[in-house]
Amino acid sequence: MSLSLELKKFINSDCVGKYADIVLPAVPQPVNSKEKRKAKPKAEDVSAEPQAEPKDAPQEEPQQPQGGERVRIHYMEEGNGEPMILVHSIGQSLYTWRNLFNRLSLHYRVIAIDLPGHGYSGRPENFDYTIEEQAVAIDLFMDAIGIESAHFMAFSMGSNYVLRLAMTHPYRMGRIILLAPGGMSHEMPLMIKLLDSSLFGAVAAMLYGVRTVENVLTECYFDLAQTLNEDVVTEYYKTISDQQSRRAVRASLHNFDDADVMSKLRMLEMPILMIQGSEDKWRTSEHIELYHAAISSAGYTQVRNAGHLVHEEKPDKIIAATLEFIPVLCPE
């Protein structure tokens, strides 16, 4: 497929993609605060005989589970062979895989997912967009489309969703490729850090316009002339332009706590490859080394003349590294 047709397909991905329904886990309902709770006996009354309560006295009820919320997950699928799931970062959609999707599908069964709250997937109301919740959503999505296990390729903060899933459900994992993995960093643009702020987040979300998206992308690419144009800016902005989408991005950033994931990296045993652009302004080599040193099964490679969005700038390098790291199984 020509590059122009690839781009057209992803630009219209809301029309050509597939959908799978998942039901998020039930959330405990708090006990009615208006009900009187039974008072604890004072220390001097502990040995006293318990007195019967009046028949009409309100009883404290246990927490009741709230019905799980149904969410439509948008995804694109193509190719045969072993499954490979592509997971984007916060504020993105599966559009970020436009330069890899069709080429990877020549060798694997490739599934690019829009995470809950992103792209053309649903915006659940009872969802805090934590690392743990997104990992559960990916797990449920795999069940919904009938995949027991898969290889994974994840980008930036999306890497932590995949790592969490690998820790809780290692049997679902094949090999994992992490592109510029990590969380919030001091090197990120001010607008991104403001979205994470409890004080200024709401204002930052309102001001997050198309030009802001362009400024953020400018910092993510090394060769702007080859990668950044009005179409790319428009497509990135399209799926975060409404209020619900910006709420999802804000919550994803604000509730992104990777401390637990980072503390358990040593438990991972599956093969993992980390790839970083040499000109990445958001991730230093020290950031990547935190993962590399902790995961005994991890390899690391750097792609020259590429920024944070290394897979968008250097798809040839990513394809070559993928084919070397994940052998293609030829059908018998």
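The values are calculated or read from the model by the stated rules, or taken from the named source; none is laboratory data. Everything numeric in this text was worked out from a predicted model, so none of it was measured. When we count neighbours, we look across all protein chains shown, and the Cβ atoms used for this are built from the backbone with ideal geometry, even at glycine. For accessibility, only protein heavy atoms count, side chains too; no ligands or nucleic acids. Shrake-Rupley method; radii C 1.70, N 1.55, O 1.52, S 1.80 Å.
Quick notes on this structure:
- Neighbours by Cβ (under 7 Å, 6+ apart or cross-chain): first from the stretch 130-141, more than 18 Å from Arg250 (Cβ to Cβ); second among the β-branched types (Val, Ile, Thr) and part of a helix (DSSP H, G or I): Ala135/Thr168
- The stretch 131-171: number of residues that are more than 21 Å from Arg72 (Cα to Cα), assigned to a helix (DSSP H, G or I) and open to solvent by less than 10 Å² (accessible area, probe 1.4 Å): 4
- Residue list for the stretch 280-320, restricted to those being charged (D, E, K, R) and either in a helix (DSSP H, G or I) or over 19 Å from Asn229 (Cα atoms) (or both): Asp280, Lys281, Arg283, Glu286, Glu289, Arg304, Glu312, Glu313, Asp316, Lys317
- When the criteria are applied in full, Leu178 meets the requirement of being within 27 Å of Thr227 (Cα to Cα), touching a Ser or Thr at 6+ places or on another chain (Cβ under 6 Å), of a type in the set (A, V, I, L, M, F, W, C) and not in a loop (DSSP other than H, G, I, E, B).
- Those residues of the stretch 247-269 which are touching a Phe, Trp or Tyr at 6+ places or on another chain (Cβ under 7 Å) and either at pLDDT below 90 or open to solvent by 40 Å² or more (accessible area, probe 1.4 Å) (or both), in sequence order: Asn255
- Inter-residue pairs, beta-carbon under 7 Å, first in contact (Cβ under 8 Å) with a residue 60 or more places away in the chain and in the stretch 279-299, second among the acidic types (Asp, Glu) and in a helix (DSSP H, G or I), 6+ apart: Lys281/Glu219
- Any hit, the stretch 109-122, residues being within 17 Å of His151 (Cα to Cα), open to solvent by 10 Å² or more (accessible area, probe 1.4 Å) and either assigned to a helix (DSSP H, G or I) or at pLDDT 95 or above (or both): yes
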